[in-house]
Amino acid sequence: MIVSRLDLEAVAAAITKDFFQVYYGDEVENPNRFVLATPMNALAKDYLGLKVSYAPLSPDGSICGLTSYSDTSYTIRIDQQPYAIQLKRNQVILDMSFRNCERNSGLFKRRRFTLAHECAHQILFQLASDKEKEMCTNAYSARSSYLPYELKTREDWNEWQANVLGAAILLPKIEVDRAMYFLTESKPLSSSADSISCQDKATLSVFCGMFCVSMSTAVRRLVELGYMKFRKEVTT
């Protein structure tokens, strides 16, 4: 299934709106409230009904998480020895490195994005046709980024869509709008060439703290929503 970015935004908006009303209650409707971050553990376990556990997923740490749509197994080789990990339907397994990471650390932020990515895989699976579901027996993501012109295989599209939907769940547009109103009065950040100014970095640092995401995740999301633009230097 191939879904447009606009459709993915709509899916994320519907899910986070419904979930936030359950999780945050009346606070969602408070016009003077602060920014609400997405509690990924609760969304995965309580809202989507996923079981989250931990296991070593790769010898080099390249695979951060995987999820399964039906009972299956996933084989990993450690020190040239194969090990089979048994997966159950609606299960998410995160790499063992995320198990005891400190809150607000870089690893914790990476864990949040990985969990959002795997939740996105499950959501996209539920939106697929019956024929497409029959073709999906297992899936895992390696937290890879895909640009439109690089999307060649079905797996490329699956991972790109999970990245986009995961980011939109982690950073809901309505909450990003509120955050940028507080931080810049909704004015876009602007940086020169491919660098970020010190002032923008300070703003981005606060923004990252609001949502507990990495700088790279924040920049990509702000660019997508038009809140950050890179202008080219003009030389004479």
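Quick notes
- Residue within the range 212-233 that is touching a strand residue (DSSP E or B) at 6+ places or on another chain (Cβ under 6 Å), at pLDDT 95 or above and either open to solvent by 60 Å² or more (accessible area, probe 1.4 Å) or assigned to a helix (DSSP H, G or I) (or both) present: yes
- Out of 124, 115, 94, sole residue that is open to solvent by less than 30 Å² (accessible area, probe 1.4 Å), within 30 Å of residue 4 (Cα to Cα) and not in a helix (DSSP H, G or I): 94
- The residue of the range 27-51 that is surrounded by the most Cβ atoms within 10 Å (Cβ to Cβ), among those that are hydrophobic (A, V, I, L, M, F, W, C), touching a helix residue (DSSP H, G or I) at 6+ places or on another chain (Cβ under 7 Å) and farther than 30 Å from residue 86 by Cα, is 36.
- Taking the listed residues 129, 186, 190, the one that is farther than 20 Å from residue 9 by Cα and either at pLDDT 95 or above or of a type in the set (S, T, N, Q) (or both) is 190, with no other qualifying.
- Scanning the range 90-102 for residues that are within 18 Å of residue 217 (Cβ to Cβ) and either modelled with pLDDT under 85 or under 17 Å from the mean Cα position of the chain (by Cα) (or both) yields 94, 95, 98.
- Residue within the range 160-169 that is at pLDDT 95 or above, in contact with a strand residue (DSSP E or B) (Cβ under 9 Å, 6 or more places away or on another chain) and within 21 Å of residue 34 (Cβ to Cβ) present: no
- A residue that is of a type in the set (D, E, K, R), more than 16 Å from the chain's Cα centre (by Cα) and in a loop (DSSP other than H, G, I, E, B) can be found somewhere in the range 32-51.
- Residue 74 meets each of the listed conditions (1) more than 17 Å from residue 111 (Cα to Cα); (2) among the aromatic types (Phe, Trp, Tyr); (3) modelled with pLDDT of 90 or more apart from (3).
- From the list 24, 54, the lone residue that is under 30 Å from residue 183 (Cα atoms) and open to solvent by 20 Å² or more (accessible area, probe 1.4 Å) is 24.
- Considering the range 56-89, and only residues there that are under 20 Å from the mean Cα position of the chain (by Cα) and of a type in the set (A, V, I, L, M), the residue that is nearest to residue 99 (Cα to Cα) turns out to be 57.
- Screening residue 64 with (1) closer than 24 Å to residue 218 by Cβ; (2) open to solvent by 50 Å² or more (accessible area, probe 1.4 Å) gives one miss only, at (2).
- Subset of the range 67-82 (residues that are of a type in the set (A, V, I, L, M) and open to solvent by less than 10 Å² (accessible area, probe 1.4 Å)): 76
- Test: residue in the range 160-183 that is in a helix (DSSP H, G or I) and farther than 28 Å from residue 18 by Cβ: no
- Selection of first residues in the range 178-206 that are at positive phi and of second residues that are modelled with pLDDT of 90 or more and surrounded by 12 or more Cβ atoms within 10 Å (Cβ to Cβ), restricted to Cβ pairs under 9 Å at least 6 apart or on distinct chains, gives the following pairs, ordered by first then second residue: 186/177; 186/180; 186/227.
The values are calculated or read from the model by the stated rules, or taken from the named source; none is laboratory data. Bear in mind that the values here come from a model prediction, so they are computed numbers and not experimental data. As a convention, Cβ positions derive from the backbone with ideal geometry for all residues, glycine included, and neighbour counts pool all protein chains shown. Surface areas here come from the heavy atoms of the whole protein model, side chains and all, with no ligands, DNA or RNA. Shrake-Rupley method; radii C 1.70, N 1.55, O 1.52, S 1.80 Å.
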